[in-house]
Amino acid sequence: MKNKINYKIAVVALGILMSVGLMSCEDYLDRAPKGELTSGNFFQDELQATQAVNAIYSHLRNFNVHVFSYIGITDIASDDADKGSVPGDGGFLQDINDFTFDANNTAINGIWTGYFQGVFRANQVIENVPEIDMDEELKTRLIGEARFLRAYFYFFLVRTYGDLPLIERPLNPDEYKQPRVSKDLIYEFIEEDLSFAAANLPEKSEYPASELGRATSGAAKSFLAKVHLFQNEYQEALTLAQEVISSGEYELYPDYEEIFRKAGEHSSESIFEVSTVALEAGEGGSQFNEVQGIRGNPNNGWGFNGPSDDLMAAYEENDPRLVATIINEGDTLPSGEVVMPDPNMGDSARFSRKAWLPTRPPAGFGNSGANIRLFRYADLLLIAAEAANETGNPTLALEYLNRIRERARQRDESILPDVTVTAQGELRTAIYQERRVELAMEQHRYFDLVRQGRAQAVFAALGIAWIPGKHEVYPVPQSEIDISGGKINQNPGY
Amino acid sequence: MISFGTLNDTILRNKTKPNPISQMEKLLPEKENTWQLHKYLILPLLLFSLLFVQESFGQTSVPVQGTVLDSSGLPLPGVNVVIKGTANGTVTDLDGKYSLEVAEDAVLVFTFVGFETMEEPIGGRSTIDVTLEEELGDLDEFVVVGYGIQRKSDLTGAISSVKSEDINRLPVSDVTQSLQGRVSGVQIVQNSGAPGAGSTVRIRGVGTLNNSSPLFVVDGMLLDDIDFLNPNDVESMEVLKDASATAIYGSRGANGVIIVSTKQGSFDSETRITVDAYTGVQQVARKIDLVNARDFAQLANELEQNVGNQPLYNVSNFGEGTDWQDEIFRNAPINNVSLGASGGSAKSNFNLSVNYFDQKGVVKESEFERLTVRLNNQYKLSEAVTFGNNLSFIYFNQQNEPGVIANAYRAYPIFDPRQPDGSYTDTSPVGNPAAQLEYSSNNQTNSYRAVGNFFMDVKFLKNFTFRSNVGLDLTFQDSKTFTPVFFVSPTQLNPENSVNVSNFRNRNILWENTLNYTKEWENHRVNLLGGITTQDFYTESLGGARRNLPGEDPSLWYLNAGELTTQTNSNTAGDWAMLSYLFRANYTYKNKFLFTGTFRRDGSSRFGKENRYGNFPSVAIGYNLIEEAFLQDQSVLSNFKIRGSWGKIGNDKISFYEGRPVVTGNENAVFGVDENLIYGATLTRLANPFIKWEETVTSNIGFEFGFFDEKLTGEFDYYTRRTNDILVGVPIPAYVGSANNPIINAASVKNSGIDLTLNWRDQRGEFGYNFGIVASTVNNEVLDIGDGNEAIFGGAVGISGFLGSRTIVGQSIGHYYGYKTAGIFQNEADLSSIPKRGPEVAGDLIYQDSNGDGVVNNNDRVILGSPIPDLIFGFNVGFDYKGFDLRADFNGTYGNEIYNSKKQTRFNTYNFESTYLDRWTGAGTSNTEPRITNGGHNYEVSDRFVEDGSFIRLRNIQVGYSFPEVSLNKLKIQNFRIYLSGTNVITWTKYSGYTPEIGGGSVLGTGYDGGLYPLARTFNVGISASF
């Protein structure tokens, strides 16, 4: 009996002891995520600093940044392209095309969200990398890249929405409600970032081959030139453009059509591109080509961003750039296939030749390895030409302009004669026209029309009511105004 | 008497007479001890009392003896024979005999579980024989509660109990489906009709904006699902609904608790073998009404013309065409065999069962097969120490259909599945479902799981019991998918074959130590419980994929057969842990006044250091009015109890590492001439390290009653539950740049309602019948959704991901929110006079200008309905006559709506439901169905897609015959029953889809029918026998 009692007591005591032992284990309830770092142990060394910058570049392949909404507000909105695809698909883009959109439109939301997320990633680097103990040269370069990308994101945002909240570092919770500052201040902010980048980034040729695709000093200067052009600061634009031209880093690529194929990736003409690769496992690519791909036979994608009748008619006779830009029904592709658009797309269904993929990527068209060209040397030459013309130097302007046409005619002297007109007004028109046909379907047209002050007239001719004083900018997303409790104000007219 | 028996010691009604001795063991494990000790005390007491006897005037003690029999004349051993007003007495032996020394004027009280108590004054007799009558009611039944069992009459909480004969009637794989329509306050929705699919369980409404699933406890092991259980193994299920019952589970109990007890062996009983088997066939209960080929051609032509294109088809070329639903559906068999053996000796008992379940799905290429083995043992090391285990091993094998249901809904009826040459037809723009069944259905999942617990009970110092329990849930699951090379059309092809292999393992370990103290004296019963428990969970998954295998034979479906250069792999893991302290006190006074208090302190690894622990108290009181003197001598009211409870419980079902500022990896960029993918990582979203428990405060008031000797019984409860600090993403402006909204504890939801249960049962000679009704109402209201949240939208539907559900303060969670249709624009006159959105033409829907501002836009959206029903109900009837039995169960909901999202999501021209035939084709042709278009104005979120989801369903009807015992005894069979059963026989509903039960989805956007696996109607025949 006594043994039994002892036994029982011993067992009970053991149980209690073990329980008590567990109680005192504070760390027992401390569990950390598996396979992931937390902010406490990140931004510690050179490798992590580089990874954080890489993550900003990664965001350039994001759907909201350079895919669907992007082609919507730059090409589809313009006279260069219609919505495309079948009726009913992507209805919000039809509203963009017709200028019947409101502040709830999906494209408006997508751009705002995507680009500000890019700013967030850039700010993480700009805020946290300076404190890391690492090689100073690399540190400066990394910060330069982050500032370049932040400026890129803000440049797109300011052209889309006008006034914006100015976010120069990650915000604390009590700072979440910000007002918009005037776009002039935003432009100043952009110029500061680009100037820093221009001064501290290597030139394209100074990067090792393994780093091809990173931001360069030439790219920073080119964008800075464009930024000045958009503010009608022609002299500054010209100066910067000429710096880039005389640096010898860039040259026009001889074959226009090939610029947009694999052979033309990161060519001599490339100032800045989003690098992609179509891995068989399905990573590294973007949907940029899928959304614009031929819908029907061959079935390459969704069929959006269809070149318009107006664009077809804009080309001069026998301009080889037309076939390099537009695919029509019945065209025969290099593979031998004849293009048959989805019958539901109706008549005059066309597709972007520049976004066309000759072969199916291994993991499908949704993971395309075709780079997204953001800034070509041709664009810079045209900026220089425009700036030169506006500052009263038509000869210089003509020199740059005719280099474009020379490349375009591809040694066929019977087409695309040089432009010779020197009167500022006529030369300006010629330069605008050249910009259109040279850069068609490359997501420049709408902002150009607005900048050039020609939007109202151009759209009126197409029967679209483009309202001056309102449509120069898109509306701020309604959800932002609601969430900020009215601290963010809406653009006039919306 | 409240007994802290082990959970294995519950007494439940079985069809056969319980073995009296083993029953006594189960009921009164301590009694033996008490009596043993009392043996030593009785002598001195008797001697002592002799003194009194001499002092008290003229009282002498006389010997009394007798036999106790039951109503059929058989002796009853184990009956308590107590001298009224004292604690002295004895117990009848194996022959039902007892003997005592009592005072002349003493009264003997005879009590035994399941029988009416009898009192006999000595009245000068020396032999008192007694016949005890069986009780019709179940008032002294024991109910399983958290960490123990309690006498039903002592309960202060709202607990509903379902017994095994009601559980294994349905031919289903998931035992929670047996609760449908049987328990008030509980809504069970099947997630899908697919074999092996689970269910969504809601107890008393949707308590939170996050995971609202209840906690499951199986033989003491805490789990998140019970779909592994063999229904034949379940002895009873208890649903704990209010704070008094669930607070003992503290942080896990906020959404209710379902306790499952599996069948145990009995001590000192003969080995009993049971066999249960059924076989049946399933068919699709209802198809969707789609148009035929000719009508499709007509409608498709109209669609083209409506957007300015030429018609595509020559309508007269087509007849009926293909019914794609017929191509993918089939009649499928369902089979189940269960063998069990149980029994025990004086020192040990066992229950062994094996079950095989095989269900092929009514959609081709889907199947679920399961094998379960269970072994429950108890072993008495000594009078004070008992060991035991409940172990189950489960293997299942599942194949999922290849996502073919949505395509069968959309595919054009003008196409034949195959061409004359045998190849599959190009059915663009929709994938060919028949081809999908061949090429995309190679998937297989195997799961191996062990669930169980080991426990040890130690009784000491008379009233104490210490119990240590270790619970385990170990799972290993592997899946494999193989996709061959195929070409059906440019949109339906696969140029490279591939194999995908993945597996995951879970390890879930629970350790509980509890100490229990019971004391009973005079009019008081006290039970105290204290304990410490801890749980540790770990999961890890591993996957790989390779392409370009050299062949397609199944012997090559392994990673090594594929190319190295394009391989991918993945590996993730997660874990959580909990540490808790619990305490409960139960007190009963004179069987009349009941009090329960519980307190639990929980710490969870899911929360940051600041807010790791939460405290969860509860109190409850009850009053057994029936025990009052003035209610003793009447035969109308046989039971009446009032009870009320209040408590605080918590919910920790959030993600394991919520709130941590995690660095997102694999934000990779491409650099270099060689186009290398270089690793990138950064912070992409904001975090909140101050996350804490969601807390539910709930009160319940109710009463239980019984009339006419428990012929009519029922329960009525009114409850309110208010959940605060619900974790919700509070939107911050997008310009802050975070990839998601930070999660904070900000929202508040209230649920209130009434639960009603009524049962009537009676026996007239050989004919017995019973009726039961359960009904619950739920009133769900959102009280707060966090600062800055005007509304939370959910339920992405349609082409551009329109959000169809909204959650705002003052309404229920996730109501549908969109335009109200108000007819159709018939002509130009309408278009210029009625407010519109803008792009409408004649034939388009009129959306109501609800705010009367002359324009139709987002501000005119109104509430269109709610997926939460106003009333959930069930009723069942049963008849017994001379061995025949008939049972029918109905269940249903009322007042809920369903969003038919598959009708709205049209990326291109698809097939049409027959309601489209009523479309507008000219002025005056229709005022409800607009002209045919794909997308655009007529496909906004509106009541066009919201349908009434109320339904009543004949869930199960069963006719059975039990062979009479007399004839069976010759064959040594104890009982044998054969039955026919129909399940989901008829459903009365207005909803047009496959089934009105739409489960799954987040609570913020639930009730969307995107094309579910259809419900199956099953007919089966089965036998059930025991030897």
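The values are calculated or read from the model by the stated rules, or taken from the named source; none is laboratory data. This structure is a prediction, so every number in the text was calculated from the model and none was measured. In this analysis, Cβ positions are derived from the backbone assuming ideal geometry, glycine residues included, and neighbour counts consider all displayed protein chains. For accessibility, only protein heavy atoms count, side chains too; no ligands or nucleic acids. Shrake-Rupley method; radii C 1.70, N 1.55, O 1.52, S 1.80 Å.
Projecting the Cα atoms of A:Gly330, A:Val274, A:Asn318 onto the charge dipole of the range A:210-336 (Cβ charges, centred on the Cα centre) puts A:Val274 farthest toward the positive pole. Placing +1 on each Lys and Arg Cβ and -1 on each Asp and Glu Cβ, with no other charges, gives the range A:261-337 a dipole about its Cα centre of roughly 200 debye. Dividing the alpha-carbon radius of gyration of the range A:300-426 by the rule-of-thumb value 2.2 N^0.38 Å gives 1.31. Its Cα gyration tensor gives the range B:773-885 an equivalent ellipsoid. The semi-axes, each the square root of 5 times an eigenvalue, are 41, 23, 12 Å from largest down.
Take the alpha-carbon positions of the range B:393-469, form their convex hull, and give its projected area averaged over all directions (one quarter of the hull surface) in nm².
Details: hull surface 36.7 nm².
Computed as one quarter of the Cα hull surface, the answer is 9.2 nm².
Considering the range B:840-900 at the alpha-carbon level, its Rg and Dmax are found to be 23.2, 73 Å. Label zone (A:Leu47, point 7 Å along Cα-to-C-beta; backbone nitrogen cut-off 19 Å) within the range B:546-590: B:571. Shape summary: the range B:328-439 maps onto an equivalent ellipsoid whose semi-axes, from the alpha-carbon gyration tensor, are 53, 12, 9 Å in decreasing order.
Note on B:Thr568: accessible area is roughly 50 Å² with a 1.4 Å probe, heavy atoms of protein only.
Nearest 10 degrees, 0 to 90: what angle lies between the long axis of helix B:293-306 and the longest principal axis of chain B (Cα atoms)? For helix B:293-306, the angle is close to 60 degrees.
Taking the Cα centre of the range B:904-1027 as the origin, how large is its charge dipole in debye, to the nearest 20, when only Lys and Arg (+1) and Asp and Glu (-1) carry charge on their Cβ atoms? So the magnitude is around 640 debye. What the Kirkwood sum gives for chain B is a hydrodynamic radius of 32.3 Å, with every pair of different alpha carbons counted. Simple rule: put +1 on each Lys or Arg Cβ and -1 on each Asp or Glu Cβ in the protein assembly as shown, find the dipole, and look at A:Gly364, B:Gly999, A:Ser222; the Cα lying farthest toward the positive end is B:Gly999. Every Cα-Cα pair of the range B:149-269 was included, and the share exceeding 16 Å stands at 61 percent. Taking every residue in A:273-285 and counting other chain Cβ atoms within 10 Å of its Cβ, the average works out to 5. Here the Kirkwood formula puts the hydrodynamic radius of the range A:342-494 at 19.2 Å, using every distinct Cα pair. Once the 1.4 Å probe is applied to the protein heavy atoms, chain B comes out at 39 Å² accessible per residue.
Of the residues B:Ile621, B:Tyr412, B:Val189, the one whose Cα sits farthest towards the positive end of the charge dipole of chain B is B:Ile621 (charges of +1 on Lys and Arg Cβ, -1 on Asp and Glu Cβ, taken about the Cα centre).
Over the range A:201-333, the hull volume per residue, using the convex hull of the C-alpha atoms, is 173 Å³.
Note on surface exposure: B:Leu100, A:Leu166 rank A:Leu166, B:Leu100 by accessible area, highest first, 1.4 Å probe.
Placing one identical point scatterer on every Cα of the range B:454-587 and ignoring solvent, what is log10 I(q)/I(0) from the Debye formula at q = 0.19 Å⁻¹? Taken in order of the listed q values, log10 I(q)/I(0) reads -1.05. Per-residue shielding of A:86-96, expressed as the average number of other chain Cβ atoms within 10 Å of the residue Cβ, stands at 6.
Counting only the backbone N, which residues of the range B:984-1022 are under 16 Å from the spot 7 Å out from the Cα of B:Asp225 toward its beta-carbon? The answer is B:999-1002, whose backbone nitrogens lie closer than 16 Å to the label point.
Go through the range B:747-757 residue by residue and turn each phi into a ³J(HN,Hα) via Karplus (6.51, -1.76, 1.60, θ = phi - 60°); whole Hz please, and just put x for glycine and proline. Karplus-based 3J(HN,Hα) across the range B:747-757 equals 9, 9, 9, 10, 10, 9, x, 10, 10, 10, 10 Hz. Roughly speaking, what % of Cα-Cα pairs in the range B:942-995 are separated by over 13 Å, rounded to a whole number? Everything past 13 Å amounts to 71 percent. Accessible surface comparison of A:His266, A:His59, probe 1.4 Å, protein chains only, largest first: the order is A:His266, A:His59.
Given a Förster radius of 30 Å and the C-beta distance between A:Glu168 and B:Phe690 as r, what FRET efficiency does 1/(1 + (r/R0)^6) yield to the nearest 0.05? Calculated transfer efficiency: 0.65.
Go through B:Leu299, B:Leu1004, A:Leu279 and list them by solvent-accessible area, largest first, probe radius 1.4 Å.
Descending order: A:Leu279, B:Leu1004, B:Leu299.
Projecting label points 7 angstrom from Cα along Cα→Cβ for B:Phe708 and A:Asp135 puts them 9.4 nm apart.
Quick one: plug the Kirkwood hydrodynamic radius of chain A (C-alpha pairs) into Stokes-Einstein at 25 °C, 0.890 mPa s, and report D in µm²/s.
99
Largest first and in whole Å, the equivalent-ellipsoid semi-axes of the protein assembly as shown read 74, 36, 29, each the square root of five times a Cα gyration tensor eigenvalue. Here the simple spin-label model places points 7 Å from the Cα toward Cβ, and for B:Ile701 and B:Leu312 these points are separated by 6.5 nm. Relative to the globular-protein estimate of 2.2 N^0.38 Å, the Cα radius of gyration of the range B:648-761 stands at 1.90. Counting only other chain Cβ atoms within 10 Å of each residue's Cβ, the peptide B:725-734 averages 4. When you count the other C-beta atoms within 10 angstrom of each residue and take the mean per peptide, B:254-263, B:211-220 line up highest first as B:254-263, B:211-220. Please list log₁₀ I(q)/I(0) at q = 0.10, 0.11 Å⁻¹ for the range B:524-639, using the Debye equation with identical point scatterers on the alpha-carbon positions. For the requested q values the scattering log ratios are -0.64, -0.68. Cross-link pairs exceeding 24 Å between alpha carbons, from the set A:Lys139/A:Lys221; A:Lys487/B:Lys692; B:Lys152/B:Lys263; B:Lys347/B:Lys459; B:Lys380/B:Lys970; B:Lys152/B:Lys590: A:Lys487/B:Lys692; B:Lys380/B:Lys970.
About its Cα centre, the protein assembly as shown has a charge dipole of approximately 4400 debye under the convention of +1 per Lys or Arg Cβ and -1 per Asp or Glu Cβ, with nothing else charged. Accessible surface of B:Thr90, taken over heavy atoms with a 1.4 Å probe and every protein chain present, rounds to 30 Å².
Amide H to amide H, with H built 1.01 Å from N, A:Asp342 comes under 5 Å of A:Arg295, A:Gly296, A:Asn297, counting only residues 5 or more places away or on other chains. Distance from the C-alpha centroid of the range A:155-209 to that of the range B:252-285: 66 Å, rounded to the whole angstrom. Solvent exposure of B:Val636, expressed as accessible area, is near 70 Å², computed with a probe of 1.4 Å over the protein chains only. Note on the range A:244-297: along the principal axes its Cα atoms extend 44, 25, 16 Å, ordered by decreasing extent.
Using C-alpha pairs below 8 Å separated by at least 6 residues, the relative contact order for the range B:775-923 is 22 percent. For B:Gly949, the residues whose modelled amide H falls within less than 5 Å of its own, excluding neighbours fewer than 5 places apart on the same chain, are B:Asn896, B:Glu897, B:Ile898.
Per the Debye calculation on the range B:976-1018 with a single equal scatterer at every Cα and no solvent contribution, log₁₀ I(q)/I(0) for q = 0.21, 0.28, 0.30, 0.34 Å⁻¹ amounts to -0.78, -1.08, -1.15, -1.26. Over the range B:854-1012, the ratio between the Cα radius of gyration and 2.2 N^0.38 Å evaluates to 1.58.
Per residue, chain B reaches -2500 deg cm²/dmol at 222 nm when only DSSP H runs of four or more residues are counted, each adding -39500 (n - 2.57).
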